[in-house]
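FYI, it's all coordinate maths here, none of it is from the lab. The structure displayed is predicted, hence computed values, not measured ones.
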Amino acid sequence: METRVGDPGVFAQLSILVGILLCCTPAYARVGLGNVLTTVPPEYRGEWTNEQRYCGQPGDNLDSVLTVTADRVGYYENTWRVRRVRVEENGIFLTYWPRTDFTMYAPNHLRLSRDGKRIFTSDDRVEVGTRRCPKSGG
């Protein structure tokens with residue numbers, strides 16, 4: 001049986017292939033480096049801390065757990081709502097909706113280690129690396 005480009009079967013096969021590629025390819029890979037997203041890529045999401053004993057706790061007064069979700073980044077009650085995410089080769093750069101109710105610095109750059117078990121945050125002053133909490137995100 002011969003298949004031609006105008007054949008509906010070919011269109012169906014191509015549609016399935018495109019659907020699989022879109023479904024299984026991370027959003028940041030689809031848009032490419034330098035492009036802007038409105039959510040944080042899944043591999044960055046989760047709880048991150050230097051103190052594993054704080055993992056899974058609702059919060060503490062040390063703000064030692066960084067929580068990253070699709071649309072928020074923060075420490076316990078100090079969270080920032082993500083406005084834009086720019087994907088670059090060395091990580092993601094975050095822009096937040098304005099907040100004026102506290103003076104804590106929001107991490108504006110997140111970078112993952114090669115194995116995805118550590119995240120490095122930056123607020124333009126210092127870079128800090130923390131470990132992913134077990135059973136958290138990515």
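Observations, loosely collected:
- The 3J(HN,Hα) values that the Karplus relation (6.51, -1.76, 1.60; θ = phi - 60°) gives for the stretch 81-91 are, in residue order, 8, 6, 9, 9, 10, 9, 8, 10, 4, 9, x Hz. Gly and Pro appear as x.
- Long-range amide H partners of His109 with built H, under 5 Å: Leu94, Ser122
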